[in-house]
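Each reported figure results from applying straightforward, stated rules to the coordinates on display, with no laboratory input. These figures come from a predicted structure and were not determined experimentally. When we count neighbours, we look across all protein chains shown, and the Cβ atoms used for this are built from the backbone with ideal geometry, even at glycine.
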Amino acid sequence: MQRCARFAQELAGQLQLPLSLEPDLQELHFGAWEGQSAAALMETDADDLGRFWADPYAFTPPGGEPVELFSLRVLGAIERLYQACAGQRVLLVSHGGVMRLLLARARGLPRQQLLNVEVGHGALFRLQVASEGRMSEEG
């Protein structure tokens with residue numbers, strides 16, 4: 001979250017926007033895989049990486065955060081944000097896993113397709129958030 005927080009602080013300062021850091025919007029914790037590239041994991045842990053990519057909800061990296069708990073954490077934070085900011089526009093700066101989860105939810109994708117959602121570095125997208133966690137992608 002440090003990189004995103006630093007970027008968000010700089011952006012908020014430049015745009016003169018209020019800033020709030022929300023710990024529940026942090027990236028998925030990958031446990032023993034933290035900080036390792038997919039290429040490195042293919043050399044050391046290919047079978048487990050394959051299971052994770054096939055269905056991230058069904059396999060948790062060793063010592064990592066289950067995607068189900070990650071999803072509940074992130075979606076809970078989005079619901080709280082919706083309650084606090086209903087009717088307002090909000091700029092959210094976050095990591096790829098959070099963005100994938102939100103886009104997958106907005107697109108109505110099956111859970112197993114979470115990691116198929118493409119999110120480029122520095123990606124920008126718009127979501128409409130409604131009550132009870134309903135989301136739709138705009139534009």
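Overview of results
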{"quantity": "In segment 14-69, residue surrounded by the most Cβ atoms within 10 Å (Cβ to Cβ) [restricted to those that are touching a Leu at 6+ places or on another chain (Cβ under 6 Å) and part of a loop (DSSP other than H, G, I, E, B)]", "calculated": "Pro56"}
{"quantity": "Output for segment 74-104, where each listed residue is basic (Lys, Arg) and surrounded by 19 or more Cβ atoms within 10 Å (Cβ to Cβ)", "calculated": "Arg100"}
{"quantity": "Output for segment 26-63, where each listed residue is small (Gly, Ala, Ser) and within 14 Å of Leu115 (Cβ to Cβ)", "calculated": "Ala38, Gly50, Ala54, Ala58"}
{"quantity": "Scan of segment 112-139 for residues that are out of contact with any helix residue (DSSP H, G or I) (no Cβ under 6 Å at 6 or more places or on another chain) and either under 21 Å from Arg80 (Cβ atoms) or outside any loop (DSSP other than H, G, I, E, B) (or both), ordered by number", "calculated": "Gln112, Gln113, Asn116, Phe125, Arg126, Gln128, Ala130, Ser131, Glu132, Arg134, Glu138"}
{"quantity": "Long-range neighbours under 7 Å by Cβ, at least six apart or interchain, first residue within 18 Å of Gly35 (Cβ to Cβ) within segment 1-14, second loosely packed, with under 13 Cβ neighbours inside 10 Å", "calculated": "Ala5/Leu21"}
{"quantity": "Selection status of Pro61, of a type outside the set (A, V, I, L, M, F, W, C) and touching a residue at least 12 places away in the same chain (Cβ under 8 Å)", "calculated": "yes"}
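Every residue, every condition in (1) more than 17 Å from the chain's Cα centre (by Cα); (2) within 24 Å of Leu15 (Cα to Cα); (3) not polar (S, T, N, Q), yes or no:
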{"position": "His29", "(1), (2), (3)": "no, no, yes"}
{"position": "Glu34", "(1), (2), (3)": "no, no, yes"}
{"position": "Ala58", "(1), (2), (3)": "yes, no, yes"}
{"position": "Pro61", "(1), (2), (3)": "no, no, yes"}
{"position": "Leu75", "(1), (2), (3)": "no, no, yes"}
{"position": "Ala84", "(1), (2), (3)": "yes, yes, yes"}
{"position": "Met99", "(1), (2), (3)": "no, yes, yes"}
